[in-house]
């Protein structure tokens with residue numbers, strides 16, 4: 001299983017993204033990747049394609065505004081989501 005944590009750091013001027021993996025599905029998660037978005041990397045696609053999404057953001061925009069975020073990635077994995085009440 002893989003999970004992630006995304007949060008603002010440095011007084012909301014950068015965003016830290018962390019990825020974790022539970023390789024044996026035994027609730028022993030370990031960090032496998034960490035990236036900090038401080039506006040020094042950007043989308044390198046064509047402007048026409050990038051701005052066609054109509055988001056009015058620069059290519060190096062740091063997504064630091066709050067909101068519910070869920071990210072999932074799967075490579076040949078079957079997911080089974082359920083609600084725990």
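Brief remarks follow.
- Its Cα gyration tensor gives the stretch 2-53 an equivalent ellipsoid. The semi-axes, each the square root of 5 times an eigenvalue, are 29, 16, 8 Å from largest down.
- Neighbour counts of other Cβ atoms within 10 Å put 23, 64, 82 in the fewest-to-most order 82, 23, 64.
All of the numbers you see were taken from the coordinates with simple rules; none came from a lab. None of these values were measured; they are calculated from a predicted model. All Cβ positions, even for glycine, are placed from backbone atoms using ideal geometry, and neighbour counts span all protein chains on display.
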